[in-house]
Each structure stands twice: as structure tokens, then as C-alpha cells.
Amino acid sequence: KQAGNQHWRFFSGEMEATTQNRVRLLTELRSALNQGKGLELHYQPQVASDSHALVGCEALIRWVKASGEAISPDVFIPLAEYTGMIVDIGDWVLREACRQIVRWDALGVPGFRVGINISAAQFREPDFVAKTARIILESGVAPSRLELEITESVAMEDPVSVAHQLRELKALGLRVAVDDFGCGFSSLGSLNRLPFDRIKIDRAFVAELTPETREDCIATMIVKLAKSLGLDVIAEGVETDQQARLLDEMGCGEMQGFLYARPMRAGELEKWIACSAP
Ligand code: C2E
Ligand code: CA
Ligand code: CA
Ligand code: CA
């Protein structure tokens, strides 16, 4: 019994420490956001499977603290979602991506599409569509240049209201993609009722793709499903030539992954485009 008690005390001490860490991290994140310091967007190219031509990129947030320590979005995004700060972060991400598109246009960089991650808490805000429309309108960017990525789990939570919201976003001229597809075990029927433009296969399913498993691999089934529904499909996390070849053979039209390029700063992407131009 005593051991149990000791164990409990140890556990509670550890919990407090992590809670304190989280609170400190969130305070630092809030001031980074307010001061416009330390947050940055990186852009990862998306290429056509056959020509390897750039077709778009995904904007991915980066946070480097004043101390120089980089915090992964896998750490701070869930925290920001939990406290609701993600709504302000999401606004910053959309504004920053639009500002970057305007800069690229001024530089004469080819007009590729930019994918923006939308978190569950953002998408559920009652004024999400109106606010998104306002930010894009103010920026002067053509909505067709943007693709909003909404995770499969969010999309399937309440398909009726999600379908309504997606139609509103599409009426603005935006593209919408299902992110992390394959994780949420959607039924074919519910996906068919949602007006998505494309499916992003989560990298977990790309990783398990080998010539031996190709027949019963989830990635294979997702490509088939997407094609049968007339949706575009992109695979994320493509790391090897073999994965790229298998995906291309299945008819997956676009790819994103370290095999082609890592996420990079806007300036680096400009150089990457200049170097990879035919
Ligand atoms: P995600 O939306 O699934 O983004 C893809 C993640 O896979 C990115 O991680 C990207 O850097 C990584 N990745 C791309 N290609 C490869 C590859 O070939 N191999 C491997 N191992 N990884 C690859 P990142 O940038 O660390 O972002 C992690 C997650 O954080 C994202 O997952 C997304 O859920 C979230 N996130 C990032 N930026 C934002 C944002 O601006 N807003 C919101 N709401 N969430 C974001
Ligand atoms: Ca091909
Ligand atoms: Ca994404
Ligand atoms: Ca993913």
C-alpha cells in the first residue's frame, strides 16, 4: 500500500512538471505570435508523378524560440488546439501564406498552389468561412491559389455540416483536400457526399508500401477509391524511388516527400524552383 502511495506521489509530481512545461511553452508561443517573432512558414514542394514538375506546395509552420530551440509542430500544435490558441495561429498562417504568394507574384515566380493546414478547432469556429474569406480578400490573392487541408477525422465527425461548410469554401473558389487520409476509416459513402477536390494519403500508408504488400496495402486501396470517386490524389511522405514508382504505377498523380524536397524557407524554394526548371 505504501509503495502504491509513493508511486502516486511520484506520478503527481511528474504531472505537475509537465503541466508547468506546457503552460510555459504556451506563454512563449503566445508572445511569439503577438510579437511576430520566431514563427515562420516553410514550404514543401508537391510534384507531378510523371514529370516531377512543381504543382504546389504545403505550408508548414515552424517555431524557433528566442533561445534558438526549435519546437516541433507535433508538440505545439496539439497544445495550441487544446487551449484554442490555434485559432489565432491559423489566422497568422493564412495571412502569412497570402503575403508570401503576393511576394512570389511580384518576383514573377510561377503561380503554384499553396496548401494550408486547418485544425479541427479552427474549422469548427462558427465564423471560420467568413473570416477565411475576409483574410483572402484583403490579401488580394486569388482563392484558387489556395488549398485548405482538413483532416479526415474532422471531415467525418459531422458530415452534413462539414459538407455545407466545404461547399461554402468551394463557392469562394478555394480548393479543399482531405488530409491524413486512411487514418479515420471513412466509409466510401460519406466521402462521396463531401465535395473534396483531392485526397492526401497519409505518410504512414506510404511507408508500408512495398512490392510484396502492394496488393493489400491501404495506399493501393486509397488510390483506387479516389479514382473511382473522380478525386485527385497525392501521396505524402514519399521517401524512396520504389515508393514513388509503385504509387505512379497505381495512378497516384502527385507526390510530396523527402525524395523530392524537404520543407524549406520561401527563399530556398525560389532557388529550388530555379534549379529544377526544365
Ligand atoms: P501533416 O499535415 O501530415 O504534414 C506532413 C508532415 O510530414 C510534415 O511534418 C512534413 O514535414 C512531414 N514530411 C513530409 N515529407 C516527409 C517524408 O518524406 N518523410 C517524413 N518522415 N516526413 C515527411 P511537420 O512539418 O513536422 O508537421 C507536422 C504536423 O503538424 C502536420 O502534419 C500538421 O498536422 C501540423 N502542422 C504543421 N503546420 C501546421 C499549420 O500551419 N497549421 C496547423 N493547424 N497544423 C500544422
Ligand atoms: Ca504516370
Ligand atoms: Ca497537411
Ligand atoms: Ca499526415
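The values are calculated or read from the model by the stated rules, or taken from the named source; none is laboratory data. Computed from a predicted model, the values in this text were never measured in an experiment. Cβ atoms come from the backbone with ideal geometry, glycine included; neighbour counts cover every protein chain shown. The area values use the complete protein model at the heavy-atom level, side chains included, leaving out ligands, DNA and RNA. Shrake-Rupley method; radii C 1.70, N 1.55, O 1.52, S 1.80 Å.
Report, ordered by the first and then the second residue, all pairs with beta carbons closer than 7 Å, sequence separation of six or more or different chains, a first member in segment 170-181 that is free of Cβ contacts under 8 Å to residues at least 40 places away in the same chain and over 13 Å from THR132 (Cβ atoms), and a second member that is part of a loop (DSSP other than H, G, I, E, B) and more than 16 Å from ligand 2 (Cβ to nearest atom). What qualifies is VAL178/PHE196; ASP180/ASP202. Give me the pairs, please: first residue somewhere in segment 123-145 and open to solvent by less than 70 Å² (accessible area, probe 1.4 Å), second residue anywhere and assigned to a helix (DSSP H, G or I) and polar (S, T, N, Q), beta-carbon distance under 8 Å, and either six or more positions apart or on two chains. Taking only residues 6 or more apart or on different chains, the pairs are PHE123/GLN165; PHE128/GLN122; PHE128/GLN165; VAL129/GLN165.
Out of all the residues in segment 237-258, is one or more touching a residue at least 60 places away in the same chain (Cβ under 8 Å), in contact with a helix residue (DSSP H, G or I) (Cβ under 6 Å, 6 or more places away or on another chain), more than 18 Å from SER51 (Cβ to Cβ) and not basic (Lys, Arg)? No - not one qualifying residue is present in segment 237-258. Here is a check on your reading of the model: is VAL162 within 16 Å of ligand 4 (Cβ to nearest atom) and under 29 Å from ILE135 (Cβ atoms)? Spelling it out, it is not the case that VAL162 is within 16 Å of ligand 4 (Cβ to nearest atom) and under 29 Å from ILE135 (Cβ atoms). Just wondering, is there one or more residues in segment 26-37 that are within 16 Å of ligand 4 (Cβ to nearest atom) and surrounded by fewer than 18 Cβ atoms within 10 Å (Cβ to Cβ)? Within segment 26-37, not a single residue is within 16 Å of ligand 4 (Cβ to nearest atom) and surrounded by fewer than 18 Cβ atoms within 10 Å (Cβ to Cβ). If the condition is being farther than 11 Å from LEU29 by Cα and open to solvent by less than 50 Å² (accessible area, probe 1.4 Å), then segment 55-71 contributes VAL55, GLY56, CYS57, GLU58, ALA59, LEU60, ILE61.
Within segment 192-204, residues that are over 10 Å from LEU231 (Cα atoms) reach no partner that is away from ligand 2 (no atom under 16 Å from the Cβ) and basic (Lys, Arg) with beta carbons closer than 6 Å at six or more positions or on different chains. Here SER119 fulfils each of the conditions (1) surrounded by fewer than 19 Cβ atoms within 10 Å (Cβ to Cβ); (2) within 16 Å of ligand 4 (Cβ to nearest atom); (3) small (Gly, Ala, Ser) apart from (1).
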